[in-house]
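Engineer: Submitted below is the structure of interest, expressed as structure tokens.
The values are calculated or read from the model by the stated rules, or taken from the named source; none is laboratory data. In this text the structure is predicted, and so the values were computed from the model without any measurement. Positions of Cβ are backbone-derived with ideal geometry, glycine not excepted, and every protein chain shown enters the neighbour counts. Quick note on the areas: whole protein, heavy atoms, side chains included, nothing else; ligands and nucleic acids left out. Shrake-Rupley method; radii C 1.70, N 1.55, O 1.52, S 1.80 Å.
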Amino acid sequence: MDITGSTTGQLLKAMQSGSVSAVDVTQAYLDEISADGETIGAFLTVNSEGALAVATEVDRKRSRGEPLGRLAGLPVAVKDNICTKGLATTCASRMLENFVPPYDAHVTTQLLNADAVIIGKANLDEFAMGSSTENSALKVTRNPWDTDCTPGGSSGGSAAAVAARLAPLGVGSDTGGSIRQPASFCGVVGLKPTYGRVSRYGLIAFASSLDQIGSFATDVTGAALLLETLAGHDNRDSTSVDRPVPNYSATLEQPLTGLRVGVVSEFFGEGIDADVDTSVKAAIDVYRSLGAEVSEVSLPHTKYAVATYYLIACSEASSNLARYDGVHYGHRAEQFENMIDMYAASRAEGFGAEVKRRIMLGVFALSEGYSDQYYLKSLKVRRLIRNDFDLVFENVDVLAGPTCPTPAFRIGELVDDPLKMYLSDICTISANLAGIPGVSIPAGFSSDGLPIGMQLLAAPFEEETLLRAARMYERETDWHRKRPSLG
Ligand code: GLN
């Protein structure tokens with residue numbers, strides 16, 4: 001069996017039938033990871049020993065006929081801003097380079113209870129701030145489709161790991177597109193659930209009112225299966241919502257008759273790459289051919305989304321990151337003159353340039369005399385953005401458009417132009433501001449052979465419709481079956 005070329009569904013079946021063991025599966029992925037060396041560089045920590053121990057336990061349980069969780073024996077790449085007890089969790093920052101959490105994040109516990117195998121901790125932009133994984137202080141991650149390109153970000157490690165078949169599943173976090181954008185760049189499925197669907201307990205905070213954990217897989221079925229495991233109420237996160245978790249993977253194949261698809265005109269605006277435009281329009285035609293009712297819709301406040309997002313995200317980040325002072329948390333400088341100097345030196349050494357830029361922006365936006373003009377105003381615009389969605393979802397079930405205006409850009413191309421980098425988030429960030437779920441699914445390739453993603457969005461807690469609509473498209477196409485030929 002071609003283990004690493006299989007989908008999660010095929011792997012689960014093979015393990016259930018006994019044709020392969022969980023140890024075989026884990027070992028096959030570990031072998032891929034070591035064969036990759038640092039070509040892709042998806043992982044900050046490879047959990048070889050821990051992963052094999054869990055896989056062995058899964059095989060033991062199976063041989064005794066004990067009940068097994070829904071991800072039994074499936075390796076998962078977990079973004080390195082999600083706490084894993086006893087396993088380094090660095091946020092790709094010098095600040096937390098030596099942090100080994102004494103506890104598990106809620107989603108880590110959920111994965112372990114589902115008998116999943118945490119195969120490693122995936123690279124990211126430092127503290128999840130970025131769109132290319134280039135802001136990682138610890139390593140470079142490359143796009144499996146073209147190693148001169150970035151995998152996107154900030155969950156670039158998780159997306160690249162799934163695309164390069166170094167793990168069948170990945171967990172990421174999405175504050176402004178950090179699951180959907182790298183999924184689009186790497187040609188995999190990436191799902192950001194509704195705010196509150198998944199507990200953020202143990203996710204190292206970037207912007208708490210926007211952060212949400214979600215799933216990566218090579219297909220919609222895998223992403224749905226993983227969401228079922230991650231989702232659910234947890235009273236350690238006060239924003240986690242107490243609603244039953246539907247059995248997403250069970251309803252996935254049910255036909256969606258009379259689906260109403262809204263095409264967001266603002267997402268096809270200025271700056272959209274011609275190949276992206278063509279591919280996503282062709283993808284929307286697939287819905288038409290399947291009998292969906294397709295109409296054009298407008299989200300008029302989209303033009304304010306980037307500015308609003310960066311004000312809110314940086315404001316929250318400046319507050320969340322205040323705790324890293326070398327005393328409460330994080331790296332402590334060795335050379336300092338007094339206590340204040342120790343704080344300053346620790347933060348100066350521990351944080352990278354992008355994190356510092358955002359802390360400064362946030363502190364400014366919240367400062368006395370300016371906070372009404374910036375922070376408060378951005379909260380008001382956020383409400384208008386949410387209203388736009390509420391209004392269109394009265395008439396459509398899902399919204400469709402590109403995930404990102406362009407395919408993957410080259411490593412180094414945008415690092416000196418933060419504003420241009422921020423603009424690459426134009427299609428993804430509104431969903432975080434509004435708290436709604438979104439998914440990116442493979443929908444074609446550029447003339448250079450780089451993947452193109454289509455984004456679908458749905459109303460709050462409509463993940464079931466979202467996933468069924470995604471699966472409806474996936475069934476008709478084979479973009480998700482394409483694999484990068486590495487080297
Ligand atoms: N690219 C966005 C940013 O830089 C989103 C990051 C994220 O979703 N974590 O903030």
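Engineer: How would Thr150, Thr477 line up by accessible area, probe 1.4 Å, largest first?
Structural biologist: Of Thr150, Thr477, the descending order of accessible area is Thr477, Thr150.
Engineer: Of Lys13/Lys121; Lys303/Lys356; Lys61/Lys482; Lys79/Lys356, which sit over 24 Å apart, Cα to Cα?
Structural biologist: Lys13/Lys121; Lys303/Lys356; Lys61/Lys482
Engineer: Where the Cα atoms of the stretch 1-52 are projected onto their three principal axes, how long is each span, largest first, in whole Å?
Structural biologist: Taking the Cα atoms of the stretch 1-52, the three principal extents are 34, 22, 14 Å.
Engineer: Please report Rg (one decimal) and Dmax (integer) in Å for the Cα set of the stretch 235-334.
Structural biologist: 21.8, 66
Engineer: How large, in percent, is the carbon and sulfur part of the accessible surface of the stretch 59-107 at a probe radius of 1.4 Å?
Structural biologist: 49
Engineer: Rg to Rh ratio, the stretch 419-487, alpha-carbon atoms and Kirkwood radius?
Structural biologist: 1.03
Engineer: Further question on the same structure: How large is the convex hull of the Cα atoms of the stretch 297-408 per residue, expressed in Å³ as a whole number?
Structural biologist: Value for the stretch 297-408: 145 Å³ per residue.
Engineer: Measure out, as a whole number of angstrom, how far apart the alpha-carbon centroids of the stretch 113-138 and the stretch 243-274 sit.
Structural biologist: Answer, in whole Å: 26.
Engineer: Something else now. How much of the pair distance distribution for the stretch 377-453 lies past 21 Å, counting alpha-carbon pairs only, in percent?
Structural biologist: It works out to 42 percent of all Cα pairs.
Engineer: Take the stretch 147-252, drop everything but the C-alpha atoms, weight them equally and run the Debye formula without solvent; then report log10 I(q)/I(0) at 0.10 Å⁻¹ to two decimals.
Structural biologist: The computed values of log10 I(q)/I(0) come out as -0.26.
Engineer: If you count, for each residue, the other Cβ atoms within 10 Å and average over each peptide, how do 134-142, 452-460 line up from highest to lowest?
Structural biologist: In decreasing order of mean packing, 134-142, 452-460 become 452-460, 134-142.
Engineer: Once you have the alpha carbon radius of gyration of the stretch 1-153, what is it after dividing by 2.2 N^0.38 Å, with N set to its residue count?
Structural biologist: 1.07
Engineer: Still on this structure: Could you calculate, for the stretch 352-422, the ratio of the Cα radius of gyration to the Kirkwood radius, expressed as Rg to Rh?
Structural biologist: Here the Rg-to-Rh quotient is 1.10.
Engineer: Might you tell me the accessible area per residue for the chain, computed with a 1.4 Å probe and given in Å²?
Structural biologist: Heavy-atom accessible area per residue stands at 38 Å².
Engineer: Quick check on the stretch 78-190: what does the Kirkwood estimate of hydrodynamic radius come out to from the alpha carbon pairs, in Å?
Structural biologist: Value: 13.6 Å, from the Cα pair sum.
Engineer: Could you give the nm distance between label points at Ser289 and Thr39, where each point is 7 Å from its Cα heading toward the beta carbon?
Structural biologist: Calculated label separation equals 3.4 nm.
Engineer: Summarise the accessible area of the stretch 200-265 (1.4 Å probe, protein heavy atoms) by the percent that is carbon and sulfur.
Structural biologist: Solvent-exposed carbon and sulfur of the stretch 200-265 make up 49 percent of the total.
Engineer: In Å, what Rg and Dmax follow from the Cα atoms of the chain?
Structural biologist: For the chain, the Cα radius of gyration and maximum Cα-Cα distance read 21.2, 71 Å.
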